[in-house]
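Novice: Take this structure, written in structure tokens, and hold onto it; I'll ask about it next.
The values are calculated or read from the model by the stated rules, or taken from the named source; none is laboratory data. For clarity, every value in this text was computed on a predicted model and none was experimentally measured. Cβ coordinates were reconstructed from backbone atoms using ideal geometry, including for glycine residues, and neighbour counts include every protein chain displayed. Quick note on the areas: whole protein, heavy atoms, side chains included, nothing else; ligands and nucleic acids left out. Shrake-Rupley method; radii C 1.70, N 1.55, O 1.52, S 1.80 Å.
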Amino acid sequence: LSLRTACKTYMRSLKKHYPGESLPLYASKANSSLAICALIASEGFGLDAVSEGELLTALKGGLNGEKIVFHGNNKSHDELNFAYKNNVTIVLDNHHDIELLKKIASEKKQAKLMLRFTPGIECHTHEYIRTGHLDSKFGFDPDEIEDILVKLKKIKSIKLTGLHAHIGSQIFELKPHKDLVGVMTDVLEKARKMGHPINDLNVGGGLGI
């Protein structure tokens with residue numbers, strides 16, 4: 001009941017403040033099980049996964065691959081291939097991801113991608129769960145973004161449809177998230193001018209409970 005109530009609250013708030021299309025994602029690392037995935041799917045949520053096991057559980061639990069986002073800074077060839085075959089949106093975290101996807105994807109079926117970068121935003125939380133600072137192990141450095149966008153534009157087998165950034169967990173203030181959106185929209189404008197069909201902004205999560 002508690003989980004369903006939280007889902008309905010998110011859905012209601014998003015429809016009120018963002019009447020266009022939006023999709024809240026359940027972080028399956030919190031509890032990856034068939035029952036939870038079935039519940040999440042029934043509430044209209046999407047899901048983010050960080051392993052092939054989580055992807056498989058989500059799919060078997062009733063989630064459509066197009067509502068799943070695949071994260072991770074050390075994805076294997078097999079994991080990326082599994083995500084690609086099941087129409088999952090893949091978050092590009094590093095150059096290794098790009099090189100593997102060049103071998104996996106084809107022009108007939110482009111891989112749908114989201115580019116993750118570190119926004120350079122600090123927040124008041126424990127140092128172990130901060131992810132937005134410039135030396136974070138997650139995502140591309142802001143100084144690399146323009147070169148990455150140029151590189152991706154040349155690869156016909158992939159399609160960049162979104163941007164992703166995350167500043168940390170257990171955050172009890174809203175201003176860092178507002179700052180994050182400002183940074184991301186600057187990158188969005190640049191990417192669109194270069195011809196990338198970006199419609200999705202994934203601002204992470206991390207609100208404290």
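Novice: To the nearest 10 square angstrom, what accessible area does SER13 show with a 1.4 Å probe?
Specialist: Result for SER13: roughly 50 Å² accessible.
Novice: For the range 1-96, what's the relative contact order in percent, using C-alpha pairs closer than 8 Å and at least 6 residues apart? Write down the numbers at each step before the final one.
Specialist: Details: 127 pairs, mean separation 21.0, N = 96.
Taking the mean separation of contacting Cα pairs over the length of the range 1-96, I get 22 percent.
Novice: Report, by chain and number, residues whose modeled amide H sits under 5 Å from the one on ARG116, excluding near sequence neighbours (fewer than 5 apart, same chain).
Specialist: Distant-sequence amide H within range of ARG116: LEU92, PHE140, HIS164.
Novice: Relative contact order (percent) for the range 141-209, with alpha-carbon contacts under 8 angstrom and 6 or more residues of separation? Please report the intermediate quantities before stating the final value.
Specialist: Details: 70 pairs, mean separation 32.7, N = 69.
47 percent.
Novice: Could you please put PHE45, PHE172 in sequence from largest to smallest accessible area, using a 1.4 Å probe? Intermediate results must be reported in sequence, preceding the final value.
Specialist: On the way: PHE45 15, PHE172 145 Å².
Descending accessible area places them as PHE172, PHE45.
Novice: Sorted by accessible area with a 1.4 angstrom probe, largest first, how do ARG116, ARG12, ARG4, ARG192 fall? If you can, show how the numbers build up before the last one.
Specialist: Numbers: ARG116 20, ARG12 145, ARG4 90, ARG192 125 Å².
Solvent-accessible surface, decreasing: ARG12, ARG192, ARG4, ARG116.
Novice: Relative contact order for the chain: what percent, with Cα pairs under 8 Å and sequence separation of 6 or more?
Specialist: Details: 368 pairs, mean separation 29.6, N = 209.
Taking the mean separation of contacting Cα pairs over the length of the chain, I get 14 percent.
Novice: Here's another thing I want to ask about it. Put a dot 7 Å past each Cα toward the Cβ at GLN170 and LYS29; how far apart are the dots in nm?
Specialist: Inter-label distance under the simple model: 1.4 nm.
Novice: With label points built 7 Å along Cα→Cβ from the Cα atoms of LYS151 and LYS8, find their separation and express it in nm.
Specialist: 4.7 nm
Novice: I'm spelling it out carefully: the read-out is mean projected area of the Cα convex hull in nm², the candidates are (i) 12.8; (ii) 14.8; (iii) 11.3, and one was derived from this structure. Which label?
Specialist: Read-out from the structure maps to (iii).
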